[in-house]
Each structure stands twice: as structure tokens, then as C-alpha cells.
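S.K.: Below is a structure I'd like to ask you about.
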Amino acid sequence: QVQLLESGGGLVQAGGSLRLSCIVSGSIFSISTMAWHRQAPGQQRELVAYITSGGTTNYADSVKGRFTISRDNAKNTVYLQMNNLKPEDTAVYYCKLVGATRTDWGQGTLVTVSS
């Protein structure tokens, strides 16, 4: 069974930084694509960034240059470093694992950016 557990959310002022972490149980982490999504109140969930098993990354235009996704296969953990945060980054952030035959989500962590 695969479980994902996010941490690192919280309240931060605009211009500040946070680092989200997502630790994954199970043995398929290193061969899976990992992604971060977010969902703001009243909005649809959207892709923020992803990183493939080979380390290729991609970002939503709204976060390019401010967010960095990375992974540590030895720790079964994916990170999202968020810098220069803006009030519009306020959302619940979800970690997602995309395997060959399955997709799994974490429970989410709330990020609130005050102006």
C-alpha cells in the first residue's frame, strides 16, 4: 500500500518562503513521477510542478522562477521550495504519485499567504 504524507504548510507573509515535504511509503517512489498540485477555495485543483523519476521538472507558468521541486530517492521524499510567495499562492497543496499502474494522493497541507 502506498501512502503520502505532506508537511510544511503554514501561514507566511507575502514575499516569504516555505518548503513543503511529502514522504511516501512503499517501494515505488524512485520509479514514479511525483507532482505537487494545489486547490484554492472555490477553484479547481491545478498542477503546480512535477518531477520525473529521471529528474526532469516542469512548472506552471504562475510559479516559474519562484518554486523549485526536488526529490530525494534515498528518503522517499519530494520537496517543493516556495520563494517570494504571493497571496494568490494561498491553497491546499497536495502531493501526488504517478506510477505505471496507479495514482495516489496525499491529504494536503494548507499554505496561507497574507498580504
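The values are calculated or read from the model by the stated rules, or taken from the named source; none is laboratory data. Values in this document were obtained by computation on a predicted structure and should not be read as measured data. Quick reminder, even Gly has a Cβ in these numbers, built from the backbone with ideal geometry, and neighbours come from all protein chains shown. Accessible surface areas use protein heavy atoms only, side chains included; no ligands, DNA or RNA. Shrake-Rupley method; radii C 1.70, N 1.55, O 1.52, S 1.80 Å.
S.K.: Run through the DSSP bridge list for the chain and note the antiparallel percent, rounded to the nearest 5.
M.R.: Roughly 90 percent of the DSSP beta bridges within the chain come out antiparallel.
S.K.: How big is the gap, in Å, between the Cα center of region 1-38 and the Cα center of region 42-115?
M.R.: 7 Å
S.K.: Return the ratio Rg/(2.2 N^0.38 Å) for region 1-78, where Rg is computed over Cα atoms only.
M.R.: Relative to the 2.2 N^0.38 Å estimate, region 1-78 comes out at 1.15.
S.K.: Could you order D61, D72, D104 so the one with the most accessible surface comes first? Probe is 1.4 Å.
M.R.: D61, D72, D104
S.K.: Just to be sure I follow: if Rg is taken over the C-alpha atoms of region 41-115 and Rh is the Kirkwood radius over the same atoms, what is Rg/Rh?
M.R.: Looking at region 41-115, the ratio lands at 0.96.
S.K.: Roughly speaking, to the nearest percent, how much of the chain's 1.4 Å accessible area is carbon and sulfur?
M.R.: The computed percentage sits at 47.
S.K.: Any idea how far apart A100 and T68 come out in nm if each label point goes 7 Å out from Cα toward Cβ?
M.R.: Taking the two extended label points, one gets 3.2 nm.
S.K.: Still on this structure: Among G16, G26, G42, which one shows the highest mean-square fluctuation when the chain is modelled as a Gaussian network with alpha-carbon springs under 10 Å?
M.R.: Greatest mean-square fluctuation among the candidates belongs to G42.
S.K.: Tell me, what is the per residue accessible area of the chain in Å², probe radius 1.4 Å?
M.R.: Per-residue accessible area for the chain comes out at 52 Å².
S.K.: If packing is taken as the average number of other Cβ atoms within 10 Å across a peptide's residues, how do 85-98, 47-60 rank, most packed first?
M.R.: Order by mean packing, descending: 85-98, 47-60.
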